[in-house]
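The numbers here are math on the coordinates, done by the rules we state, and not lab data. Computed from a predicted model, the values in this text were never measured in an experiment. When we count neighbours, we look across all protein chains shown, and the Cβ atoms used for this are built from the backbone with ideal geometry, even at glycine.
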Amino acid sequence: MLSVYHRQNITREPIAQHIGVEGPLRGAAKGCVIGVLTCLLLLSACDAVQIVEGNETHVSIRYDGIMNGLDQATQLAKKACAEHGKTAKLRKTYYEGLGAGERFAFFDCV
């Protein structure tokens, strides 16, 4: 009895192509690495600590809470209040979003 399926008729690529430098798995891994590096570059290019609103009486600072925390926001608020000859005093903090959401710090210039 003859079977319709014959193993010897299946064409296969040589094993060296799968193991080689430019094999399909190597190309996929290279694409993942490039994607991760691109995401990190975009995240680092964003200004993580910035003044949202400010004048001689108050300053509102947005920070990410991951790479930059409340300490960096306080330093920026001190610089902003110093331009008006005053010092920054933390009034309150606010967290918006889930996970890696935005954080805000509100300072009074006294």
ask   = Once phi is turned into ³J(HN,Hα) by the Karplus curve 6.51 cos²θ - 1.76 cosθ + 1.60 with θ = phi - 60°, what whole-Hz value does each residue of region 66-73 show in order, with x for glycine and proline?
value = 9, 7, 10, x, 5, 4, 5, 5
For region 50-109, Kirkwood radius (reciprocal of mean inverse C-alpha pair distance, Å) = 11.3
ask   = Where nothing but the Cβ of Lys and Arg (+1) and of Asp and Glu (-1) is charged, how large is the charge dipole of region 50-109 around its Cα centre, in debye to the nearest 20?
value = 200
